[in-house]
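Just so it is clear, none of the values below were taken in a lab; they were calculated from the coordinates. The shown structure was predicted, so the numbers you read here are calculated from the model rather than taken from an experiment. Reconstructed Cβ throughout: ideal geometry from the backbone, glycine too, with neighbour counts over all protein chains shown.
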Amino acid sequence: MASSAKVGIVTVTYNSELVIEGFMNSLLAQTHKNFVLYVIDNQSQDNTLNKLTQYSNLLNMVVFNNSKNVGVATGNNQGIKRALADGCSHVLLVNNDTEFNDNLIEVLLDYMSDNKCDITVPKMMYHDNPSLLWFAGGHLSAVRAYSSVHEGCDHIDQGQFDTPRRITYAPTCCMLIKADVFSVIGLMDEKYFIYYDDTDFCLRALRKNIQMHYVPTAVLTHKVSSLTGGKHSKFALRYLTRNKVYYIRKNIAFPMSYIFLILFLFKIFFDYLYERDDREIFEIKQRAFIEGFRMG
């Protein structure tokens, strides 16, 4: 039964001191109490770990203190493996730059039980503008090399996305997963480090007919890109470019993979020639494209 499910909550921290309290308080308020929190800290240099100790007697928590930043995908895998070893029936992957309703876990579990699906995800709003949607369902677009699409993103929430439904993509910002899914499709691909690891996971789920559903009655607010500097930072541009190339080569067969890669390379040159990107950004993307191509 959903009410007795043991949930392993996995979150990866990296210099998260400014967001961790809101996240932890959201967990403390949950109506579903049978959970273990697995915190994987990627060598935070701030006060994250000290803040976490304030909650050590308030909930069941296991902290992994990594000696270096191993990335989100590897960090998630550390937590998933421990949750499975501890007998958790479900794993909730969730960013710690989020806050959520007190019934989030209960609603996601109940919907999963009632609708016989394998993965459930909530409606996600911008934290600094809670009436603005960030995610209200998603899909993988075959014509865009199976890239992810956030449905409803940047729309004012007027209830137009309040129908639960099957989806083919969701970010691991918040994703409840049955434990046996991992035995079918495996863990996160650690080559990604950050970005595209969720897209890759969703594509593998789709190809194995794993049922993923959007549950709008579960609601979360997301402090988008608060921990990564945003998708236009040099860090993000490198990994988004590199990982897109790797993702295409890994998941799409020849000759379509090379068609998509050529189109992507043309776009990189186009953005520079038409001054959408300056020379520094152009060179970052060039190097990242080559790096991704060499990843196998």
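Descriptive notes on the structure:
- Residues of the range 31-60 satisfying the condition of being under 15 Å from LYS81 (Cα atoms) and of a type outside the set (Phe, Trp, Tyr): VAL36, LEU37, VAL39, ILE40
- Cβ-Cβ contacts under 6 Å between residues 6 or more apart (or on different chains), taken from a first residue in the range 144-163 that is touching a residue at least 24 places away in the same chain (Cβ under 8 Å) to a second residue that is hydroxyl-bearing (Ser, Thr, Tyr) and in a loop (DSSP other than H, G, I, E, B), are listed as SER148/TYR169.
- Inter-residue pairs, beta-carbon under 8 Å, first among the small types (Gly, Ala, Ser) and in the range 33-51, second surrounded by fewer than 20 Cβ atoms within 10 Å (Cβ to Cβ), 6+ apart: SER44/ASN15; SER44/GLU17
- Output for the range 141-197, where each listed residue is among the hydrophobic types (A, V, I, L, M, F, W, C), surrounded by fewer than 18 Cβ atoms within 10 Å (Cβ to Cβ) and touching a strand residue (DSSP E or B) at 6+ places or on another chain (Cβ under 9 Å): VAL149, CYS153, ILE156, PHE161
- Strands (runs of 3 or more DSSP E) completely within the range 1-95 that count 1 or more residues being crowded, with 19+ Cβ neighbours inside 10 Å: 7-13, 35-41, 90-94
- Residue in the range 114-165 that is farthest from the chain's Cα centre (by Cα), counting only those that are closer than 30 Å to ILE262 by Cβ, among the small types (Gly, Ala, Ser) and part of a strand (DSSP E or B): SER141
- Qualifying positions in the range 174-198 - within 21 Å of ALA5 (Cβ to Cβ) and part of a loop (DSSP other than H, G, I, E, B): ALA179, ASP180, LEU187
- Close pairs from the range 61-74: first in contact (Cβ under 8 Å) with a residue 40 or more places away in the chain and within 22 Å of ASP86 (Cα to Cα), partner among the hydrophobic types (A, V, I, L, M, F, W, C) and surrounded by fewer than 18 Cβ atoms within 10 Å (Cβ to Cβ), Cβ under 9 Å, at least 6 apart: ALA73/LEU187
- Some residue of the range 206-216 being in contact with a helix residue (DSSP H, G or I) (Cβ under 9 Å, 6 or more places away or on another chain) and in a helix (DSSP H, G or I): yes
- With respect to the conditions (1) buried (at least 18 other Cβ atoms within 10 Å of the Cβ); (2) free of Cβ contacts under 8 Å to residues at least 24 places away in the same chain, ASN129 falls short on a single one, namely (1).
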